[in-house]
Amino acid sequence: MTDVTLLNSKFEKSGSVKAACDLSPDSINGTVVHQVVKAILAGRRQGTAATKTKALVSGGGKKPFKQKGTGNARQGSTRSPLMPGGGTVFGPTPRDYTQKVNKKMMLNAVASVLADKYQAGKLHVVEKIESTGKTKDMFKTLTDKKLLPALVVTAELNEKVSRSVGNLERAKYAPVDGFSVYEAIKFENLIIEKGAFEKLLSRLV
């Protein structure tokens with residue numbers, strides 16, 4: 001059990017919350033985090049790149065020139081990879097880049113990220129994240145508290161917080177159900193509601 005500082009809606013210390021998982025440096029597994037991040041980024045690839053082989057390029061039914069007497073190398077089709085406008089050899093074809101990540105590995109990566117943020121003093125648990133819905137107000141709050149760049153996570157989908165954070169260049173919003181290990185690493189600070197923090201921890205127990 002680890003005591004994590006709890007902040008109020010004004011980002012001022014108001015107490016503490018107990019983390020039911022190990023947040024010590026020994027619990028950080030960089031190898032697993034790296035593997036999960038690679039899988040997340042691979043899953044975002046479209047995999048639609050494609051080129052036409054000799055069989056797919058239209059035309060080429062007629063022999064381009066006679067077999068002998070021209071001084072050129074013999075050719076049987078204008079669609080040959082050796083000819084201008086011909087097919088491509090070993091070009092890319094549509095494929096699925098998805099990498100499988102089992103549940104245990106994903107949870108291990110989440111626990112490692114939380115431990116890393118805690119050890120770096122970049123884990124900020126807030127009782128309730130409040131917003132007027134205006135970007136300038138959220139920007140001023142986060143700037144004054146030196147919390148940028150940041151990933152802001154709420155227990156439930158919050159339209160006002162989403163709207164106010166959405167236009168910030170150095171911040172991103174996500175409800176806890178959409179928590180991403182990659183996004184948590186990408187942004188220096190993790191600002192998370194108490195309810196969302198407890199929800200994440202319940203998955204790790």
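Bear in mind these aren't lab numbers, they're just calculated from the coordinates by the rules spelled out. These figures come from a predicted structure and were not determined experimentally. Methodologically, a virtual Cβ is constructed for each residue, glycine included, from the backbone with ideal geometry; neighbour enumeration extends over all protein chains shown.
Sorted from fewest to most neighbouring beta carbons within 10 Å, what does the list His124, His34 look like?
On the way: His124 21, His34 12.
So the ranking, lowest neighbour count to highest, is His34, His124.
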* Among (i) 19.3, 67; (ii) 26.9, 92; (iii) 15.6, 42, the entry that matches Rg and Dmax of the Cα atoms in Å as calculated here -> (ii)
* **Karplus 3J(HN,Hα) series, Hz, for region 165-174 with 6.51 cos²θ - 1.76 cosθ + 1.60 (x for Gly, Pro)** => 8, x, 8, 7, 5, 10, 8, 9, 10, 7
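Only helical DSSP H runs with n ≥ 4 go in: add -39500 (n - 2.57) per run for the chain, normalise by residue count and round the 222 nm mean residue ellipticity to 500 deg cm²/dmol. Kindly include the intermediate steps, with their values, before the conclusion.
Details: 6 runs with 66 residues, N = 205.
Dividing the helical sum by the residues of the chain leaves -9500 deg cm²/dmol.
Give, as a single signed number, the net charge of other residues whose beta carbon lies under 15 Å from the beta carbon of Asn167, with Lys and Arg counted +1 and Asp and Glu -1. Please list the in-between numbers first.
On the way: positive: Lys134, Lys136, Lys140, Lys160, Arg163, Arg170, Lys172; negative: Asp137, Glu159, Glu169.
My count for the surroundings of Asn167 gives +4.
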* Name the most mobile residue of Ala73, Ala120, Ala150, meaning the one with the largest mean-square fluctuation, in a Gaussian network model of the chain with Cα contacts below 10 Å. => Ala73
* **When each of Lys52/Lys172; Lys104/Lys194; Lys10/Lys186; Lys103/Lys140; Lys104/Lys140; Lys100/Lys145 is checked by Cα-Cα distance, pairs over 29 Å** => Lys52/Lys172; Lys103/Lys140; Lys104/Lys140; Lys100/Lys145
* **Charge dipole (the chain, unit charges on Cβ, about Cα centre) - positive-most of Ser131, Val161, Gly87** => Gly87
* **Proximal charge balance of Arg74 [Cβ under 12 Å; K/R count +1, D/E count -1]** => +3
* What is the dipole size for the chain, taken about its Cα centre, with +1 at each Lys and Arg Cβ and -1 at each Asp and Glu Cβ, in debye to the nearest 20? -> 1800
* Structure fact -> Tilt, helix 30-43 to longest principal axis of the chain (alpha-carbon atoms), in degrees rounded to tens, equals 50
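What is the magnitude of the charge dipole of region 85-205 about its Cα centre, with +1 placed on the Cβ of each Lys and Arg, -1 on the Cβ of each Asp and Glu, and no other charges, expressed in debye to the nearest 20? Let's see the in-between values first.
Working: 20 positive and 14 negative charges, 27 e Å.
Using Cβ point charges on Lys, Arg, Asp and Glu, region 85-205 gives about 120 debye.
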* Asked: Hey, got the Cα dimensions of region 120-205 along the principal axes, in Å, largest first?
  -> 38, 27, 21
* Calculate the length of the line joining the C-alpha centroid of region 92-157 to that of region 158-205, in whole Å. => 4
* Structure fact -> Placing +1 on each Lys and Arg Cβ and -1 on each Asp and Glu Cβ in region 29-106, then taking the dipole about the Cα centre, the residue among Gly69, Gly30, Thr48 whose Cα reaches farthest towards the positive end is Gly69
* Structure fact -> Helix 194-204 sits off the longest principal axis of the Cα atoms of the chain, rounded to the nearest 10 on a 0 to 90 degree scale, by 60
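Determine the percent antiparallel among the DSSP beta bridges restricted to the chain, to the nearest 5.
Working: 6 of 21 bridges.
In the chain, approximately 30 percent of DSSP beta bridges are antiparallel ones.
Taking K and R as +1 and D and E as -1, what net charge do the other residues with C-beta under 15 Å from the C-beta of Lys199 add up to? Intermediate results must be reported in sequence, preceding the final value.
Numbers: positive: Lys18, Lys128, Lys194, Arg203; negative: Glu127, Glu156, Asp177, Glu193, Glu198.
Within the 15 Å Cβ shell, the charges total -1.
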* To do: Give the long-range amide H neighbours of Ala19: residues separated by 5 or more places, or on another chain, with amide H under 5 Å away, using H modelled in the peptide plane at 1.01 Å from N.
  => Thr2, Asp3, Val4
